[in-house]
Amino acid sequence: MRQFFYIALLAVCLTGAALASQPAVLISTNQGDITLVLNQEKAPKTVANFLRYVDEGFYNGTVFHRVIKNFMIQGGGLTPDLKKKNTHDPVENEAANGLKNARGSIAMARTNRPHSATAQFFINHRNNPNLDYPSFDGWGYAVFGKVTQGMDVVDKIAASKTHFRAGRADVPTPPILIQSIKRLTTQETQ
């Protein structure tokens, strides 16, 4: 019995250490805050790409420009007037990492080319298994983290009224501003 207790305690400690080693970010929006834990073990290139943009302040002042209730909320690449921001080169698609496009997961947005993701991301509002590897095009969309706090904010954003604006469908009105995205310390995530 005592041996079982020590094994269980060790498993809890190792799980806690693994979670603590994963980077976390805070997305501050004009609708509230969303906290995400990123999975750099399963999506190292995608997490490094995302954090590069975070550290550069790239996302500050962008918008969630595409919102579809019961699907996803997408943002991170356009200004409030829906102008595209200049990005770095695309990142390799890591959709075959075993992570699923489940409710509350964050994934990279891309064009119809599998390795075209740059800065834009989306948070799944529901389970979207059709976006999982291999998906409809043999690739899928690379999940690289999940919401740990603020799913109510995701729900609120997903319920936004939308319209057609500047040649784009599903644009929230009024705009959903990403005020900032910043890394969190281990203490801030506890």
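Before moving on, here are some points about what is shown:
- Residues (aromatic (Phe, Trp, Tyr) and crowded, with 20+ Cβ neighbours inside 10 Å) located in segment 138-163: TYR141, PHE144
- Screening ARG103 against (1) surrounded by 22 or more Cβ atoms within 10 Å (Cβ to Cβ); (2) more than 15 Å from ILE27 (Cβ to Cβ) leaves a single unmet condition, (1).
- Residue match in segment 16-32 (condition: at pLDDT 95 or above and either charged (D, E, K, R) or touching a Cys at 6+ places or on another chain (Cβ under 9 Å) (or both)): no
- Residues of segment 39-58 that turn out to be surrounded by fewer than 24 Cβ atoms within 10 Å (Cβ to Cβ) and outside any helix (DSSP H, G or I), as a count: 6
The values are calculated or read from the model by the stated rules, or taken from the named source; none is laboratory data. Remember, it's a predicted structure, so these values are computed and weren't measured experimentally. Note: ideal-geometry Cβ built from the backbone for every residue, glycine included; neighbour counts use all protein chains shown.
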